[in-house]
Amino acid sequence: MQGYGAYRRTQGAVATQNGRDLEYRLLAQVTGALIKARDGMATLQERLNAILRNEKVWGVFLADLNHPDNGLPQQLKGGIASLALFVMKETQLVIDTNAPLDDLILINRQIMAGLKPEPQSMVG
């Protein structure tokens with residue numbers, strides 16, 4: 001899976017960031033694009049790109065759950081997998097019916113809240 005390989009390479013290349021920080025930044029980027037699209041500040045093509053990029057990110061998260069190095073507890077893996085599958089179904093609904101982007105944005109924000117990096121003054 002090409003996207004997964006790029007994700008793993010980026011994780012290894014950014015030595016000063018841990019995986020949580022990288023995932024937070026990635027979700028922040030795609031969520032920002034989704035908000036821009038929701039608020040009518042994006043072209044139709046930008047909206048579609050934001051929606052599909054978000055789906056790709058969640059697809060990579062789903063693939064990462066099955067990687068042997070993933071040490072998350074099984075219950076958490078199951079919850080993330082369920083969210084990823086919901087995002088994929090919701091993405092199709094949004095594309096097919098022009099449904100609002102609010103649910104996709106909400107899910108990303110909730111995950112970001114759990115991944116939020118600690119302030120530098122608190123680390124160490």
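Coordinate-derived values only; no laboratory data. Remember, predicted model here, so these are calculated numbers, not experimental data. So basically every Cβ, Gly included, is an ideal-geometry build from the backbone, and we count neighbours across all protein chains shown.
Within segment 93-105, is there a residue that is of a type in the set (Val, Ile, Thr), free of Cβ contacts under 8 Å to residues at least 40 places away in the same chain and more than 20 Å from Thr31 (Cβ to Cβ)? Scanning segment 93-105 turns up at least one residue that is of a type in the set (Val, Ile, Thr), free of Cβ contacts under 8 Å to residues at least 40 places away in the same chain and more than 20 Å from Thr31 (Cβ to Cβ). Within segment 62-104, the set of residues being among the basic types (Lys, Arg) and either in contact with a helix residue (DSSP H, G or I) (Cβ under 9 Å, 6 or more places away or on another chain) or closer than 18 Å to Gly114 by Cα (or both) comprises Lys77 only. Pairs are defined by a Cβ separation below 7 Å, a sequence spacing of at least 6 or placement on different chains, a first member in segment 60-80 that is at negative phi, and a second member that is surrounded by 10 or more Cβ atoms within 10 Å (Cβ to Cβ) and of a type in the set (Asp, Glu); the pairs so defined are Asn70/Asp64.
Reported count of residues in segment 72-96, each being surrounded by 14 or more Cβ atoms within 10 Å (Cβ to Cβ) and charged (D, E, K, R), is 2.
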